[in-house]
1. Does any residue in the stretch 77-94 that is more than 9 Å from the ligand (Cβ to nearest atom) come within less than 9 Å, Cβ to Cβ, of a residue that is among the basic types (Lys, Arg) six or more places away or on a different chain, and which pairs are these?
2. Please enumerate the residues belonging to the stretch 33-42 that are away from the ligand (no atom under 13 Å from the Cβ) and either part of a loop (DSSP other than H, G, I, E, B) or among the β-branched types (Val, Ile, Thr) (or both).
3. Take the stretch 6-51 and flag every residue that is over 20 Å from Lys68 (Cα atoms) and of a type in the set (Ser, Thr, Tyr).
4. Of the residues Leu223, Leu247, which single one is among the hydrophobic types (A, V, I, L, M, F, W, C) and at pLDDT below 95?
5. Check Arg269 against each of (1) closer than 29 Å to Ser83 by Cα; (2) without any contact (Cβ under 8 Å) to a residue 24 or more places away in the chain; (3) surrounded by 15 or more Cβ atoms within 10 Å (Cβ to Cβ); (4) not β-branched (Val, Ile, Thr) and name the one condition it does not meet.
6. Could you grab me the full set of residues in the stretch 249-272 that are farther than 24 Å from Val130 by Cβ and away from the ligand (no atom under 13 Å from the Cβ)?
7. Specify the residue that is surrounded by the fewest Cβ atoms within 10 Å (Cβ to Cβ); the eligible residues are those in the stretch 205-248 that are of a type in the set (S, T, N, Q) and over 20 Å from Arg128 (Cα atoms).
8. Keeping to the stretch 53-72, report how many residues are near the ligand (Cβ under 10 Å from one of its atoms) and in a strand (DSSP E or B).
Amino acid sequence: MLQVASPDPMVPQVMRIVTRRKDAPDVFTLRLEPEGDDLPAFAPGQFNMLTAFGVGESAISVSGDPAKGDGIVHTIRTVGAVSRALAGLRKGDTLGLRGPFGVGWPMEALEGKDVVLLAGGIGLAPLRPVIYRLLAERDRFGEVAILYGTRSPGDILYLRELESWRRRLDIDLLVTVDHAADDWHGHVGVVTTLLPRVAFDPENTVALLCGPEIMMRFGVQALGNAGVPDEAIYVSMERNMKCAIGLCGHCQFSPVFICKDGPVFRYDRIRYHLALKEL
Ligand SMILES: Cc1cc2nc3c(=O)[nH]c(=O)nc-3n(C[C@H](O)[C@H](O)[C@H](O)COP(=O)(O)OP(=O)(O)OC[C@H]3O[C@@H](n4cnc5c(N)ncnc54)[C@H](O)[C@@H]3O)c2cc1C
């Protein structure tokens, strides 16, 4: 018997897997639909808590198009018990979903600005709803640059979509990998090495960063060196999360909770704490 959506943020809604796609050896994308209930609306950068029944819950960002009403999309990397259990589910199986939670990307701050997106690995997933919005409302923004880095060519997500974005003349999309075999003819190097290759006016730019913390630290530094002020840089933070509503304290990041005050933060507001190791 399926449970109906609950107004209680701690009670998961039961969702059915409509499609499952493998994106990389350890990454897969699920499209979910509620059974009979309304589809939860979300803003780019928000996340849901997904339950693998009998195993546990994990925070996973929404990676689909907010304007499309055809389900909730999540891209998940297999790292531990919950993501492994979710990876074992197939089309037609069910899982639990609480959310959406958190403060997402500042879409209104991007209007009229050049936009630079810096994504590392699975970090492209939480930025993908932003990309859909930028492309759908392209004339509301200045230059748009999407810079994406992965460990190897086999880790590149959303290949067909990236190819279609690459063909557009009104955005710059550059992809790089840390290491590759001889049959790779693209860029090799960390994602920040792509920054000098794209056009943007640093004084009129907003930059959004998502990826491993080390990548975001170097990304912020490179953007700063290029003249982008700290107040125009936003980062999406990750910490282990339990309640997702600011009660349990698991994701406390000094004065803030990543679940309810983030996960997206303006860089100047967390600069000091991001520099502290192991916080
Ligand atoms: C706001 C937010 C949004 C997130 N969005 C996504 C998303 O869209 N897709 C996604 O795949 N993950 C996302 N994550 C990360 C995801 O929540 C964790 O990977 C989660 O802990 C996985 O649960 P698990 O039980 O499988 O692994 P755990 O048992 O929690 O972790 C297993 C091992 O993997 C390590 N580990 C945990 N997370 C990561 C990581 N991100 N990278 C490398 N190693 C890790 C742990 O240190 C541990 O050693 C997000 C996290 C947050 C806080």
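The values are calculated or read from the model by the stated rules, or taken from the named source; none is laboratory data. These numbers come from a predicted model, not from an experiment. Quick reminder, even Gly has a Cβ in these numbers, built from the backbone with ideal geometry, and neighbours come from all protein chains shown.
1. Pairs that qualify, where the first residue is more than 9 Å from the ligand (Cβ to nearest atom) and the partner is among the basic types (Lys, Arg), are Leu89/Arg20; Arg90/Arg20; Lys91/Arg16; Lys91/Arg20; Gly92/Arg16; Asp93/Arg16; Asp93/Arg20; Thr94/Arg16.
2. Glu35, Gly36, Asp37, Asp38, Leu39, Pro40, Ala41
3. Ser6, Thr51
4. On the way: Leu223 fails: at pLDDT below 95.
Every option except Leu247 fails the conditions.
5. The single condition Arg269 does not satisfy is (1).
6. Step one: filter the stretch 249-272 for residues farther than 24 Å from Val130 by Cβ, giving 249-250, 252, 254-255, 272.
Selection gives Gly249, Ser254, Pro255, Tyr272.
7. As a first pass, look at the stretch 205-248 and keep what is of a type in the set (S, T, N, Q): 205, 221, 225, 236, 240.
From what is left, the residues that are over 20 Å from Arg128 (Cα atoms) are 221, 225, 240.
On the way: Gln221: 11, Asn225: 12, Asn240: 9.
Among those residues, the one meeting the criterion is Asn240.
8. Of all residues in the stretch 53-72, those near the ligand (Cβ under 10 Å from one of its atoms) come to 55-63.
Filter again for in a strand (DSSP E or B), leaving 56-62.
Number satisfying all stated conditions: 7.
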